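The values are calculated or read from the model by the stated rules, or taken from the named source; none is laboratory data. These numbers were taken from a predicted model, which means no experiment stands behind them. Cβ: placed from backbone, ideal geometry, glycine included. Neighbour counts: every protein chain shown.
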Amino acid sequence: MFYYTYVLLIVFIAAVAIGGYESTLRLVRYIELSIRYEIVKVQMWFIKRKLEKELGIPPRDWSDFNGRN
């Protein structure tokens, strides 16, 4: 467990040394926002399922969805 902390600290220090403090903080903020966005998308999916059940709408089949419709 402690090894992960040291590795993370070394990576952070290297990022600051290479890219500067401001750029590193922007990168960390971007990663944080990306993670939060994924969490919100999962929450929206559960809300969508609940709403479909309450309204009696048949759930959509996503197995043939390729993302370009």
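Observations
- Residue check for Ile18: exposed (fewer than 10 other Cβ atoms within 10 Å of the Cβ) and at pLDDT 90 or above: yes
- Any pair with Cβ under 9 angstrom, 6 or more apart, that starts in region 1-24 at a residue that is without any contact (Cβ under 8 Å) to a residue 24 or more places away in the chain and ends at one that is of a type outside the set (Asp, Glu) and exposed (fewer than 10 other Cβ atoms within 10 Å of the Cβ): Thr24/Ile18
- Residue in region 8-18 that is within 21 Å of the chain's Cα centre (by Cα) and of a type in the set (Phe, Trp, Tyr) present: yes
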